[in-house]
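The structure under discussion appears below in the form of structure tokens.
The values are calculated or read from the model by the stated rules, or taken from the named source; none is laboratory data. Only a predicted model underlies this, so the values are computations on that prediction, with no experimental measurement involved. Here the Cβ positions follow ideal geometry from the backbone for every residue, glycine too, while neighbour counts run over all protein chains shown. For the accessible areas, the whole protein counts, side chains as well, though only heavy atoms, and no ligand, DNA or RNA atoms are used. Shrake-Rupley method; radii C 1.70, N 1.55, O 1.52, S 1.80 Å.
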Amino acid sequence: MRRITVVIMLAVLLLTSCNTGWWEADRNAEPIFDKERINQYTINCYYDEVEKIIKGYQQITYYNNEESILEDIYIHLYPNYFNDKDSVPFTASEMYMAYPDGFDIGFINIDSLSVEGDGGTWGYTNSTGRVLRVELSKPLKPGEHIVLDMNYTVKLPRCNGRFGYGQRTVKGANWYPVVAVFDVNGWNLDPYYSFGDPFYSDVSNYSVNITIPESYEVAAAGVVVRSKKNGKGFKEISIVANRVRDFAWIASEDFKIKEKKVGDVTVKSYFFQDEGGEKALEVGAKSIEIFSSLFGEYPYKNYSVVAADFYVGGMEYPNLVIINKELYNKEGHFSLEYVVAHETAHQWWYGVIGNNEVMEPWLDEGLTEYSTILYYENRYGKETAEGILDNIIGKRYKKYSGDKGSWEQSIHRSLAEFDSAEEYYTLVYYGGAVVIHQIREALGDQDFFNALKTYYKVYSFENATTNDFLGVVENTAGMEIQDRVNEWLSQGI
């Protein structure tokens, strides 16, 4: 793994020595957590805007909630996919959009790690440094927990993807060490694929302290419990985010911010263009209102729609979505509205109810894409929704399927089984939405919406599977439909 330069190392030493008092005081602070047996992350980080590095201290309290005895713990280090041009999570055709100024390296170095306060035995599973293996001195039995402490350095690349910085924003997404999911299949160590959302995570509690130049505004998951200037040109922001699957933050010196209340939820829009920013706020707020009514209440206090240097349309994170800032300039704002509504729906399907997005990507994306149609139906009427379903989603899905002839029609596949990004998006998003619509047609509206509400209620803050979802559908509707749906998923419609 490539190492940071001497210049960066000297900068890190200087920066950390200047902030030792805050660092040591906060690393021992008692975090604010729900008293639940879920993983807990305490993160203290410092952002150096000159060198574009994050210096971090992190404590993880990991609970073994499975029936297996664990002898090791595995941790994803996603930034190390950015340390080589051949491993970055972008297709060849996207490279010029992800790196408009040419490739720039990004990575994470683990500077130290201890287990239960003692020096632990740890190392990377291979030379790429993308998965960390921590060997435990004694087995971790079901019901037990263990505490890991680590220090690390993250180098942000100049990149218009989820992770990095661009002309106007700094994007802290998939940036810190995160424990892999252990389930019935063992440790899930899937790679960071070049398309799709190759993430699978457990709900955790986060207590995060960010020190950043005071000129920056920061949008983040969770609730800000303290923000104060330190008198040295920086401000320290303390954030608590409970029962979330990930922690992301976006910062900019140029953000304009507006907010709106939807019941007890504060919806915020972070933007650069006034008209687009107002539209994003309006759609975000309306989406929270509609989906809360259709599926079940949004369970958090905050939700942020954030414009960023991001070449894709949008990307979901808990309590926060990243939106391509160029969409705010589009006349009529149809694309902006569609993307914001889609990413907001992910707060239910991915955020509250998780699933393995590598092995079963259709589940959250199919539900989310169809939920976008439901947004239009509830806001603008059935005719508008049917027009989008038929002329955008259905048309593209059927055309692509027809053009391929004997081409593989299966919608329910893992990321590794798709040959291209076009095939993936057409089948998983559009094909998945068509399948959900077929389920609605088969059940009728009353049973269909009751099934979605039941699914949301039963599997909130857990990871679900296709079989879990279809089991709820069958039980709610009182009819056998699983075989039919599996046929649609495997053979297409």
Unique residue being buried (at least 23 other Cβ atoms within 10 Å of the Cβ) and either modelled with pLDDT of 95 or more or assigned to a helix (DSSP H, G or I) (or both) when the list is Gly431, Gly387, Gly402: Gly431
Suppose the filter is assigned to a helix (DSSP H, G or I), crowded, with 24+ Cβ neighbours inside 10 Å and touching a Gly at 6+ places or on another chain (Cβ under 9 Å); does Thr344 pass it? yes
Just the residues that are surrounded by 12 or more Cβ atoms within 10 Å (Cβ to Cβ) and either touching a residue at least 40 places away in the same chain (Cβ under 8 Å) or of a type in the set (D, E, K, R) (or both), please, taken from the stretch 104-124. Asp104, Ile105, Gly106, Phe107, Ile108, Asn109, Ile110, Asp111, Glu116, Tyr124
Pick from Glu474, Glu480, Glu462: which is among the acidic types (Asp, Glu), over 26 Å from Lys398 (Cβ atoms), modelled with pLDDT of 95 or more and open to solvent by 50 Å² or more (accessible area, probe 1.4 Å)? Glu462
Out of (1) surrounded by 21 or more Cβ atoms within 10 Å (Cβ to Cβ); (2) touching a helix residue (DSSP H, G or I) at 6+ places or on another chain (Cβ under 7 Å); (3) not polar (S, T, N, Q), the one Glu51 does not meet is (1)
Give me the residue from the stretch 269-281 that is open to solvent by less than 60 Å² (accessible area, probe 1.4 Å) and not aromatic (Phe, Trp, Tyr) and, out of that set, farthest from the chain's Cα centre (by Cα). Gln273
Sole residue being closer than 29 Å to Pro213 by Cα and not small (Gly, Ala, Ser), chosen from Val339, Val312, Val262: Val312
Considering every residue within the stretch 60-80, establish whether at least one is surrounded by fewer than 13 Cβ atoms within 10 Å (Cβ to Cβ), part of a strand (DSSP E or B) and not basic (Lys, Arg). yes
Exactly one of Phe234, Phe271, Phe295 is of a type in the set (Phe, Trp, Tyr) and either under 26 Å from Gly354 (Cβ atoms) or touching a His at 6+ places or on another chain (Cβ under 7 Å) (or both), and that residue is Phe295
Taking the stretch 203-230 as the search range and keeping residues that are assigned to a loop (DSSP other than H, G, I, E, B) and either in contact with a Lys or Arg (Cβ under 7 Å, 6 or more places away or on another chain) or among the small types (Gly, Ala, Ser) (or both), which one is most open to solvent (accessible area, probe 1.4 Å)? Glu214
Quick test for you: out of Tyr298, Tyr311, Tyr328, pick the one residue that is buried (at least 21 other Cβ atoms within 10 Å of the Cβ), in a loop (DSSP other than H, G, I, E, B) and either within 16 Å of the chain's Cα centre (by Cα) or of a type outside the set (A, V, I, L, M, F, W, C) (or both). Tyr298
Ser252 passes all but one of (1) of a type in the set (Ser, Thr, Tyr); (2) closer than 27 Å to Tyr200 by Cα; (3) open to solvent by less than 10 Å² (accessible area, probe 1.4 Å); (4) more than 15 Å from the chain's Cα centre (by Cα); which number fails? (2)
Going by what's in this entry, would Gly120 be described as modelled with pLDDT under 95 and not acidic (Asp, Glu)? yes
Those residues of the stretch 434-455 that are farther than 19 Å from Glu386 by Cβ, within 28 Å of the chain's Cα centre (by Cα) and surrounded by fewer than 20 Cβ atoms within 10 Å (Cβ to Cβ) come to a total of 3
From Glu214, Glu282, Glu236, grab the single residue that is touching a strand residue (DSSP E or B) at 6+ places or on another chain (Cβ under 6 Å), of a type outside the set (S, T, N, Q) and free of Cβ contacts under 8 Å to residues at least 24 places away in the same chain. Glu214
Residues that are under 24 Å from Ser292 (Cα atoms), assigned to a helix (DSSP H, G or I), open to solvent by less than 10 Å² (accessible area, probe 1.4 Å) and touching a residue at least 24 places away in the same chain (Cβ under 8 Å): does the stretch 410-422 have at least one? no
Is it the case that the stretch 82-95 has a residue that's outside any strand (DSSP E or B) and more than 23 Å from Pro198 (Cα to Cα)? no
Can you go through Val134, Val147, Val88 and tell me which one is at pLDDT 95 or above and either open to solvent by 70 Å² or more (accessible area, probe 1.4 Å) or closer than 15 Å to Val181 by Cα (or both)? Val134
